[in-house]
Each structure stands twice: as C-alpha cells, then as structure tokens.
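No lab work stands behind these numbers, since they all come straight from the coordinates. Treat the numbers as computed from the prediction; the structure is a model and nothing was measured. Ideal geometry is used to build each Cβ from the backbone, glycine not excepted, and the neighbour counts take in all protein chains shown.
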Amino acid sequence: MIDFKENIIIELLQNRFSNDLIMLSKLRRSLEKNGFDNNVLKSIKDIKNKINIELQKKFKNNHFDIQLNKNSNNEKDFVFYYLEYWHAFFNDKYKIKPISDRGFDICIGNPPYFTEVRGYKDTFRIYKKSPAIKDYYEQKMDIFYFFIERGLDLVRYNGYVGFIIMDYWKTRTFGGKLRKKIVKDSEILKIVDFNEFTVFKDAQGQHNSILILKKKKIKDIRDKYKIDYTSIKDGELSDRKVIDALLKNNNKDGIVNKYLTIKQDSGKIRFEDASTIKILDKMGKKRNYEILDRKINQGLVIPQNAIRKYHFKKIKMNETNIDIGDGIFVISEVEKRELGLTESERNFLKPFYSAENLDSYFYEQLEGKKRNWILYITKPFIKYDKNEINSIFDRKIDNKEALKRILPELKKDYPNIINHLNKFQSIITSDKKPYGLHRPRKSEIFETPNKIISVRKTNHPKFAPVPIKYYMDQSVYFIQIDHKSILNYLVGLWNSKLSFFYFKKSKTHGNQLQIDKSVLKTFPICISDRYQLKVNKIVEKIIELKNANDKSAIDKINNLINSLDAIFFKVYEITSDEQEYIFDFLNIKRSDREIVKKISKDLDTIDDLEIFMMYQS
C-alpha cells in the first residue's frame, strides 16, 4: 500500500540504480542456470536492501511527515513491488516490460476488514498519503477496497485478482470508486456469496464473498456479460460440502450455481438473471418522478441514548448511582417526571420513537408511561454554539474554558438538564459535547405532516405516512413529500410486492432488506394519472383498518394490499410471467397470487373498495 506511483518508481529505478538492477538480473539468471546458491541469494538480498533504504529516504522526505511504523524504522516499513519483484516488471536487460506483459500473473489473498470510522483513523491517514493508492480513498470505505484496487494495478493484462472479502462491496454507498475501478479495468469471472455460512469461525456474523477478476484493456471489456455465480443458501452446511461444491461447481441442496448477467445501475453493480434484468429495465423506463436528495434524511445519530454495560468501563456504577438502561439523551416518561424539568427545560423535549413502533401503513402513537422523549439539544452549550460563545467573549476559546465561564448561567437556566447530563460526561462522544446531540437535524424533518418514514433494515418494506411529530434515530429514513396528493400513492407503491422485489434486488444485509438513501434515491417512481386516485383511496382504507386494530379485518387488509399489487403491476407493465417470477422470488403464498390475478382482470371496472375486500382465491 505504501509505495510510489508507477511512473515515479520506474523512473527512479532506471535512472538511479541501473547498474544495481543489471547486477540483479545477472544474479537471477545465475540462479536459473545453476540452481540455488546461498551466496548468490545473499548478494541479491544485499543489493535490494541497499536500494530499499535509499528509496525509503526519498519516499519519507517527499511524501510523509509522520513515522509509518511505531515499532520499527527499518526496511520492513516498505515493500516496493517494482524493486522486490523486479522480474515481473522489467526484462533481463532491466528495461521496463511492455504494459501488456508488465505485472504479476495473479494476485490473491484474504485482506483485513475494517473501516476508518471504526477506530482506524491513524491507519487511513497514512494510506491517504500514499501516492500508490491515495486516489482510491473514499469516505467510510473498507480497507479491503485498497487491496482490490492495488491488486488490479499490479497484475498484467489478462492476469487474475482474487480475494475473499465482505459481500457489501457491490452495493455499499461508499464504494463507488472501487466499483468504477473494477468495471473499468477488469471483467468479473466468479463470485461466491456465503451469506449466513460462517467462513471464519472467529468472525461470526460476517457475510463473506469471494471475488475473482480478470484484468483487461478497456477496449476488450464487454458492456454486458455473464459471470459464474455461486450462492451458499444454507448456513448450516458442513465445510466439506461447501468445499466440494465450490471445487466441482455443481448444485447441491443449499447451494446454487448459475450464470448471471452483470449490469451497472446508478453506481452499483448488479448481478442478475435475464428475467430480473428485464423487470428492472421496465421499471427504470417508467420513472417520471424524482424526490430531491435533500428531502430524504436519516434519523438522528445518537451514540449515547441510554446506558449500556460497556459504559461502566468509564463510569463507576456504585459511585454515580447509574444503572444499565438509564436514559442519557433519550429518557422515559418516568425519568422525565423524576428529573423535574422546568418549563424552559421542557421546551427541549421531543416525542421519541423506535423502529418497533412502525410497520407498513402504520405508526404507533405512544401514550402515558409508554412514551419516550429525546432531549433535543442542538448546541454544545444548550443555548449557545461555539461561534456565539466566541462572540460573547470576543475571542476564540476552547470548550473547557467556555464551559467554565458559561456554566453558572447554564445552571441557572437549565439546572436539571445540566445535572442530568453531567453524570455522563465521561462517556458522551457527541461532536457537540458537552450538552448537544451528536448530529441534530432540522426539526421540520420530524415535524412536517407531509412525511413518510421508512425502516432501514427490515424483513419486508415498512413505509408509513406519519402526520404528527415523530423523532427517531438512524434506524429509519424520513422522506418529505412536497405534494400531499401523492403521499399515500408513494406509501402504497413502496409497500407493494413489486417494490419488495426491487429492494431485495438492490441491497440486503443477511436476510434483511437494507433500504438506504441510495436505494430510495434510485427507485424508479412512476406516478400514474390513471390509478393515482384509486391507490390513494385504497391506502387510506388500509390505514383506517390497521389503526382500528380489528383482527377480523386482516383478510380485508390483505385483499386491499393485493389490489395495490395488481395496480402497480399494471403501472409498470409487468407481465403475468414476470409477476409469477416475482412471486416465486418473494415466496408469496399461492392464495395471494390468485387474488392478484383475479383483481387484475377486474381492476378497471371496479371502484367500490368493498368489492376489492371481498375477493377470495
């Protein structure tokens, strides 16, 4: 990873170390002709070490002002591939090989998996400075991205790159540069998705994937081609069965082998069969409405909403009278009463809910002791931000001094909030410490009546129109709708089986959908003038029946949902065969399939919702 750019290292080696490199080539030929000789091997090592030390000095002087390795400062700090494996890049006369033959035949490995935001900022700070890979850096990336990109740089054309990595590389929002590099420089030969099967016994819960690439020139890369794909569907299979299936490339119970078509889609890479590609293409062509990026917002990022067991590494339970589950920024109704907040303090309280309070077409409105509240404090010093503090004192001051000087005023105005949050200062990590939330949002996101809330990780689409104040965390997305007339239409669309299919094909985490902002942004919305009013009426009725919490209405609700499925299949012109393909993929019950088909035939002749609710398979 730590290396010069290719053209620089080539120029350095050829211009400054040409005699040494010629000697290396002679020594290598001697080994090939006469067999291994310890003296020859020592001579090769000595020459490489001498060059390596000189290259290190030049590299550090030009590119780094920090020590790369705290435990070492010798030649092991760096591996300059063009020196260490010179014979892969230079010919016997130590002239650089033609670009078509330059590099390794194959690059394989099991790279580490970790991200910058998970405690590795120092490591990434080094890599961001390395000329060889700094252009590949992207926010919130995983370290294994660099290994794939560097591997493609170091293999020759028609050479192979193979790694076992995490499976999210295909769809992760912060992976655009990696996918662009893969598509631009190679063709994908093989992918193995292990899903719930545990590859590494000491890393339970990882979803691993094998990726094998063949480096190609741009002119030789096909726009659309098929890849060999294997999916381990049964996580309980024995290691031997999985290994046998991979080596023999055959189907077994719990293991699927097939060829998929590669398709680029809005910065993501899809691997799908022909039927899926056709359905997704149809949906894409029907797009006639788009939601602005700024109208889709994740819920609040709250690193410390309540006390967890691991917090006691920094605070002592007996000394502070703190228990697991005690609220920090999120407090219960009981805790709210115990705090005895003043009127001015109560202004910071906002109703807070969790993803468990949402379902398709439904939001739960908690009352009494079931209610939770968030201390919605958007500034570090409650009523002052840093700029306001600096303005008050007419100079820049740090947080510690600011708190010391402003604390008496804050204690007077907000005594109970100050006493409450002061107990947790040793564990609060907010960017707006000491008293502000980590990443507050504009209040209108949570309070506008024209909003849809969607659960991010879920086993089925959960989109609900929520007209009341509803503060939530990052487990959901808030979608602000400018035109109220289409709000219910969008709720019906996103909860439909067609959308379920789209979401499941777009991004998953294990067996769950992962409906991130990127998925919502790329979803091809089609507003149908013909069916909009009918959809709105059906959605209103579903919401009404769900709110009534009448178990006898379950069949009616289900029929109305099937009616929406029939409508959206028509809107997107999904054929009966394609519908059956979607039903199979989602494992939809036969009775529901039959009802959708019946409703589809009568759709344009029926306006009475009672008739829709009476259908039977």
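Centroid-to-centroid, using Cα positions, the range 420-454 and the range 102-128 are 33 Å apart. If R0 is 35 Å, the Cβ-Cβ spacing of Y225 and N587 corresponds to a FRET efficiency of close to 0.75.
Okay, helix-only estimate at 222 nm for the chain: each DSSP H run of n ≥ 4 adds -39500 (n - 2.57), divide by all residues, round to 500 deg cm²/dmol; what do you get?
Details: 24 runs with 247 residues, N = 617.
That calculation yields -12000 deg cm²/dmol at 222 nm.
If you take the C-alpha gyration tensor of the range 112-182, multiply each eigenvalue by 5 and take the square root, what semi-axes do you get, largest first, in whole Å?
Numbers: eigenvalues 77, 43, 23 Å².
Calculated on Cα positions only, the semi-axes equal 20, 15, 11 Å.
Rounded to whole Å, the principal axis extents of the Cα atoms in the chain read 90, 72, 44, largest first. Helix 38-63 and the longest principal axis of the C-alpha atoms of the chain enclose an angle of approximately 50°. Taking label points 7 Å from Cα along the Cα-to-Cβ direction, L189 and N419 give a separation of 7.0 nm. Along the charge dipole of the chain, Cβ charges K/R +1 and D/E -1, which of P467, S231, I428 sits furthest on the positive end? Farthest towards the positive end: I428.
Ignoring aspartates and glutamates fewer than eight residues from K484 along the same chain, the ones with Cα atoms less than 19 angstrom from its Cα are E290, D293, E444, E447, D529, E540, E544. One Cα centroid belongs to the range 227-292, the other to the range 160-186; the line between them spans 15 Å. Loop-located chymotrypsin sites (Phe, Trp or Tyr not before Pro) in the range 441-496 (DSSP state other than H, G, I, E, B) with a sparse environment of at most 13 neighbouring Cβ atoms within 10 Å are absent. Distance between the 7 Å Cα→Cβ label points at H460 and K396: 5.5 nm. Once the convex hull of all Cα atoms in the range 481-613 is built, its volume per residue stands at 126 Å³.
Can you pull out the trypsin sites (Lys or Arg not before Pro) in the range 539-611 whose DSSP state is coil and whose Cβ has at most 14 other Cβ atoms within 10 Å? Walk me through the numbers before you get to the answer.
On the way: sites: K541, K546, K551, K556, K570, K589, R590, R593, K597, K598, K601; in loops: K589.
Sparse-neighbourhood loop trypsin sites (Lys or Arg not before Pro): K589.
Say the dipole of the chain comes from +1 at the beta carbon of Lys and Arg and -1 at that of Asp and Glu; which of W494, I22, I554 then lies farthest toward its positive end? Projecting each Cα onto the dipole axis, the largest value belongs to I22. The range 303-375 and the range 492-568 have Cα centres separated by 32 Å.
Pairs from the table (K282/K534; K216/K263; K48/K93; K190/K263; K285/K598) lying more than 21 angstrom apart at Cα are K282/K534; K285/K598.
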